[in-house]
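Peer 1: Here it is, the structure in full.
The values are calculated or read from the model by the stated rules, or taken from the named source; none is laboratory data. All values derive from a computational prediction rather than experimental measurement. So basically every Cβ, Gly included, is an ideal-geometry build from the backbone, and we count neighbours across all protein chains shown.
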Amino acid sequence: MPAPTHTRSHRPAADGVEIRLPWWAVALPAVAFAALLLMILSPGQARAATGDPALGQLVERALQLLSR
């Protein structure tokens, strides 16, 4: 006598792989990216730099182009 099979109440993804991330797995990289971006854009009291950093200028120009 064959045993009854149990079916899931929800449907898995088309390829059979289901990925569930906790909230912090998305929030922590986003916070780290924002902190690094702020450090690049406002170097603060950096005495070695005589002018605006080239990367900061590049990011500012990219933001200006995106805001148009």
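Peer 1: One residue is enough: does the range 8-18 have a residue meeting the conditions at pLDDT 70 or above, under 22 Å from the mean Cα position of the chain (by Cα) and surrounded by 10 or more Cβ atoms within 10 Å (Cβ to Cβ)?
Peer 2: Yes, the conditions are met somewhere in the range 8-18.
Peer 1: Quick one: in the range 19-45, of everything that is loosely packed, with under 10 Cβ neighbours inside 10 Å and modelled with pLDDT under 70, which residue is nearest to Gln64 (Cα to Cα)?
Peer 2: Only one residue fits best here, namely Gly44.
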